[in-house]
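Undergrad: Dumping the structure here so I can ask a few things about it.
What follows draws every value from the coordinates through simple rules; no lab data is involved. Computed from a predicted model, the values in this text were never measured in an experiment. Note that we place each Cβ from the backbone using ideal geometry, even for glycine, and neighbour counts take in every protein chain shown.
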């Protein structure tokens, strides 16, 4: 099954949303800063991006990594710049 492409900004927002919903993070009330994903050559598992340097994740590294890795398995980082919107007219 082909992965859906998303922009860096959308992946950042989705990672942040999912991380904040992790029970141990939500219970603690921690706010974790998620940087933009960085593209890299496709790895052995077919993933073409990663997020590193997540802020204020101390003590939650494993939970955060699990969220990011699930997103990496689900979505590809699209080629479009983070601030561009898709053309609704398709031309």
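Undergrad: Kirkwood hydrodynamic radius for the stretch 4-77: how many Å is it when counted over pairs of different Cα atoms?
TA: 12.4 Å
Undergrad: With a cut-off of 8 Å between alpha carbons and a minimum separation of six or more residues, what is the relative contact order of the stretch 4-77 in percent?
TA: RCO, the stretch 4-77: 39 percent.
Undergrad: Only counting other Cβ atoms within 10 Å, I'd like 36, 71 sorted with the fewest neighbours first.
TA: The fewest-first ordering by Cβ neighbours comes to 36, 71.
Undergrad: On a full-extension model of 0.36 nm per residue, what is the gain between residue 5 and residue 17, subtracting their alpha-carbon distance, rounded to one decimal in nm? Kindly include the intermediate steps, with their values, before the conclusion.
TA: Working: separation 12, 0.36 × 12 = 4.32 nm, distance 1.79 nm.
2.5 nm is the gain from fully extending residue 5 to residue 17.
Undergrad: Treat the count of other C-beta atoms within 10 Å as a stand-in for reagent exposure and order 7, 16 from fewest to most.
TA: 16, 7
Undergrad: Taking the number of other C-beta atoms within 10 Å as the exposure measure, put 21, 3 in order starting with the fewest. Mind showing how you got there, number by number?
TA: Details: 21 10, 3 14.
The order, fewest Cβ neighbours first, is 21, 3.
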